[in-house]
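Taking it in order: structure first as C-alpha cells, then the write-up.
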Amino acid sequence: MKVRVPASTSNLGPGFDCIGLALRLYLTVEVSTEGPPSPGCDLVVQGLREAFRRVGRRPPPVSVRREEAIPEARGLGSSAAARIAGLMAGNLLLGEPFGREELLNMAAELEGHPDNAAPALFGGLVVAVRTESGVVLSRLDPPSDLSLALAVPDLRSDTSAARRLLPEQVPFVDAVYNVGRASLLVAALMKGDLSLLREATKDRLHQPYRESSVPGFGKVCEAALEAGACGAALSGA
C-alpha cells in the first residue's frame, strides 16, 4: 500500500506548538508485509506499531520504502509525516478502526505536540491544542493568494536540542505579546488580510532563544521582508 503525507510549517511566528500549515511537499511511503523488514527505529514503523498496540494486536514485520521530498530535521514536519504515514498504514492494515481525530491524538502523543501532525492529517491551516481528553482543533483554508518561500539550511535541527534552548518561564509581558500576535495571525488569515502578517508573525516565546542556533536567521528574515514578504518566521521544533 502507498500513503502520502504532506510536510508542514509550524508556529508561523507566535503560534508556538499550536498553529501549523500544510505544504505541497510530500512524503510518499510504500508499506509491504513482504520483503526484508525495516528496523524498529524507523518512524514509519513506530507509527504502524502504535496503531496495532492500540487494538492489542501484534504488528506484522513490514518493509518500508520512501519517496522523500521533505527535508529531514529542517523544521518542516518530517518526523510527524513519517509517524502519521505509519499510523495510516497500520490503520489500513487493521481495517480502519480509527478516524482522523483518533490518529491525530496518537500522533500528538508520539510527537509531544500537535502543530505539525494536525495539518499533516487535515490539510490547510490548523490551530490545535492538547487537552486532558485529547486534541481540540479548528481548521481553515489559507488565503488563495498566500505563497510561501522556504529557506532550508544545510544545518540539521534536533527537536530535543532546540527545546532545551527555551526557558522554563517567560516574562508576563512577552506572554501577552504572543497572545496578541497569535490572535492577529489567525484573524489575518481568516480575513485574507496579508498586510497584517508582518506584525502577526512576530514572536517572543521561542525565536529569540533559538536564533543563535540558526546562523543567518535574522539576516534571512530581514532580506525576505525587504524583498516584499508579508512576514517571516522560524519553522519547526
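The values are calculated or read from the model by the stated rules, or taken from the named source; none is laboratory data. Worth saying up front: this structure is predicted, and the values here are computed from it rather than measured. Reconstructed Cβ throughout: ideal geometry from the backbone, glycine too, with neighbour counts over all protein chains shown.
Using the structure shown, decide if SER79 is surrounded by 18 or more Cβ atoms within 10 Å (Cβ to Cβ), among the polar types (S, T, N, Q) and either within 16 Å of the chain's Cα centre (by Cα) or at pLDDT below 95 (or both). Yes. Scan region 193-227 for residues that are surrounded by fewer than 13 Cβ atoms within 10 Å (Cβ to Cβ) and within 24 Å of GLY124 (Cα to Cα) and the total you get is 1. Has region 33-46 got at least one residue that is within 26 Å of VAL126 (Cβ to Cβ) and exposed (fewer than 15 other Cβ atoms within 10 Å of the Cβ)? Within region 33-46 (the criterion being within 26 Å of VAL126 (Cβ to Cβ) and exposed (fewer than 15 other Cβ atoms within 10 Å of the Cβ)), the answer is no, since none of the residues qualifies. When region 128-158 is limited to residues that are of a type in the set (Ser, Thr, Tyr) and within 30 Å of GLU226 (Cβ to Cβ), the one that is surrounded by the most Cβ atoms within 10 Å (Cβ to Cβ) turns out to be SER157. Number of residues in region 196-237 that are out of contact with any helix residue (DSSP H, G or I) (no Cβ under 8 Å at 6 or more places or on another chain) and free of Cβ contacts under 8 Å to residues at least 60 places away in the same chain: the value is 10.
Of everything in region 15-25 that is out of contact with any His (no Cβ under 9 Å at 6 or more places or on another chain) and buried (at least 17 other Cβ atoms within 10 Å of the Cβ), the residue that is farthest from ALA232 (Cα to Cα) is LEU25.
Being modelled with pLDDT under 95, surrounded by fewer than 19 Cβ atoms within 10 Å (Cβ to Cβ) and touching a His at 6+ places or on another chain (Cβ under 8 Å) is a property that LEU166 has.
Taking the listed residues VAL64, VAL29, the one that is surrounded by 18 or more Cβ atoms within 10 Å (Cβ to Cβ), farther than 25 Å from ALA237 by Cα and in contact with a strand residue (DSSP E or B) (Cβ under 9 Å, 6 or more places away or on another chain) is VAL64, with no other qualifying.
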